[in-house]
Every structure is written in C-alpha cells, then in structure tokens.
Amino acid sequence: MALLAAAGLPMIQRDNTGAIVATQTLARELGIGVFYRSIADLTEQLRDGPRLAAIRERVEAARTRFCFDRHVPALIAFFREVIASAADAPRPARLFLAGPQPAGPGTLDATTAASEPAAPTAAASRPP
C-alpha cells in the first residue's frame, strides 16, 4: 500500500465489507481506493474517468503519509521518551555474579573445554 501511495496510484482492492481489513479501512477513510466485488464491477469503475481523477488527486494529497521520512521525528521522540522513562525505572536484580564462575559437574567452561575429549556422537558410535 505504501509503495502504491508513494507512487500516486489508487489502491485497487477486492471489497471486503464486513471484514476487518486495515488497508481497506485506511483507503476508505482517505478516499484513495477502488473496491470491487467482481471483475465486471472493477471494469466499470475503471472506466469512470472523473471518479478516478478525483481518487488520484486524493492519493497525491495523502502520499506523504506513506513515506517513512515523515514519521521519523515522531519515532525519534517516542524512542527518547522510552529511553528517558527507562532511566528512571527500577532495574531488575542481576542474575549473574561478577567474575568467572566454576563449572558445575558435567559442564565445560572455557578453561576445561580444550583439555577434555569430546563425547562420542551417535553417528561416531554407529558401526559402518
């Protein structure tokens, strides 16, 4: 939808009246869509030059709404607000203690991994 709007093209969509379809809802609100029930219906609508011209004008007027750059300032403001609120929020307790931890039984750590032989895999223990 964004690519079509940025190019100034009306949205041609099957009429999904009665269903929740976000693209159809937005296209109807902005008056930038052509909604059809059958190919014959679409053909008839596409032959209505004055109506298509009006839709194209509305698409042209709304096209910046579909460009990412238009939304950047609001996104930056949102991220700054989230970061600022996170700075004031209590921090969860740390799950790990500082410094190296001894490996438990049956586990390998970086110092023992190189010196211990690897366990045989199922493929290695299968007869040829």
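The table below gives the values:
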item: Under the Karplus curve 6.51 cos²θ - 1.76 cosθ + 1.60, θ = phi - 60°, whole-Hz ³J(HN,Hα) for the range 40-56, x wherever Gly or Pro sits; result: 4, 5, 4, 4, 4, 5, 6, 8, 8, x, x, 5, 4, 5, 5, 5, 4
item: Cα gyration tensor category, rounded, prolate or oblate, for the range 6-49 with a/c compared to 1.5; result: oblate
item: Rg ratio (alpha-carbon, reference 2.2 N^0.38 Å) - the range 2-86; result: 1.41
item: Long-range amide H partners of Ile12 with built H, under 5 Å; result: Val34
item: Spin-label model distance (nm) - Phe79 vs Glu29, 7 Å beyond Cα toward Cβ; result: 2.5 nm
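We did not get these values from a lab; they are worked out from the coordinates using the rules stated. In this text, all values refer to a predicted model and were calculated from it rather than measured experimentally. Note that we place each Cβ from the backbone using ideal geometry, even for glycine, and neighbour counts take in every protein chain shown.
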